[in-house]
1. Is there a residue being surrounded by fewer than 22 Cβ atoms within 10 Å (Cβ to Cβ), touching a helix residue (DSSP H, G or I) at 6+ places or on another chain (Cβ under 6 Å) and modelled with pLDDT of 95 or more anywhere in the range 63-82?
2. Specify which of the listed residues (Leu20, Leu16) is assigned to a helix (DSSP H, G or I), in contact with a strand residue (DSSP E or B) (Cβ under 6 Å, 6 or more places away or on another chain), touching a residue at least 60 places away in the same chain (Cβ under 8 Å) and aliphatic (A, V, I, L, M).
3. State which residue pairs qualify: first residue over 15 Å from Ile118 (Cα atoms) and aliphatic (A, V, I, L, M) and inside the range 132-151, second residue modelled with pLDDT of 90 or more and surrounded by 12 or more Cβ atoms within 10 Å (Cβ to Cβ) in any location, beta carbons under 7 Å apart, and separation of 6 or more residues or different chains.
4. Mind listing whichever residues of the range 95-115 are more than 18 Å from Asp67 (Cβ to Cβ), in a helix (DSSP H, G or I) and either acidic (Asp, Glu) or touching a residue at least 12 places away in the same chain (Cβ under 8 Å) (or both)?
Amino acid sequence: MEIAKVNGSHKDFFYLSQKLEEFQFNLMPVLKEKGYSLTENLHDIIGYVLYDNEKPVGSIGLKKISDANCEIVRVYVCDEYRGNGYATILFEKIETLAKNMGYKNAEMVAWSKSESAIKLYKKLGYVSTEEKDSEWFAGLKYIEFLKSLEN
């Protein structure tokens, strides 16, 4: 396994964002019907792509919210690579990058139906809010997560 630092417009980061989008469309078809997109506005993201023999198999990104807060975005590991700890490795890399950039807190959002993602985020020390209704996507429920990076 190899990890490369990339920007959001990198072809492999874009490809994995498309894979994440497809995964979410399969989980919640209403997202596709409502025009949900994970491949727009990638230019302000920096992150990492995980490779297996030059094949992109995982991604994670970071977006600035404020001088103190960043958002973790586009977290994805291809199906056949899940369960091997790769998402944890990607989180370690992005959290280290965020700390080095001076961020104090990391935020994330997960759809409530993404049970495996929610379990992972909690395991990694992210604290969740109450479930909320999305005003943009037919009332689908989501959860916000927050983690202090000051440890």
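1. No: the range 63-82 contains no residue that is surrounded by fewer than 22 Cβ atoms within 10 Å (Cβ to Cβ), touching a helix residue (DSSP H, G or I) at 6+ places or on another chain (Cβ under 6 Å) and modelled with pLDDT of 95 or more.
2. Details: Leu20 fails: touching a residue at least 60 places away in the same chain (Cβ under 8 Å).
On inspection, the qualifying residue turns out to be Leu16.
3. If the second residue must be modelled with pLDDT of 90 or more and surrounded by 12 or more Cβ atoms within 10 Å (Cβ to Cβ), the pairs left are Leu149/Glu95; Leu149/Ala98; Leu149/Lys99; Leu149/Tyr103; Leu149/Lys104; Leu149/Asn105; Leu149/Ala106.
4. Kept after step one, since they are more than 18 Å from Asp67 (Cβ to Cβ), are these residues of the range 95-115: 96, 108-115.
Those still in the list that are in a helix (DSSP H, G or I) too: 96, 115.
Passing the criteria: only Glu115.
The values are calculated or read from the model by the stated rules, or taken from the named source; none is laboratory data. Since this is a predicted model, take the numbers as computed values, not measurements. Don't worry about glycine lacking a Cβ; one is built from the backbone with ideal geometry, like all the others, and counts go over all protein chains shown.
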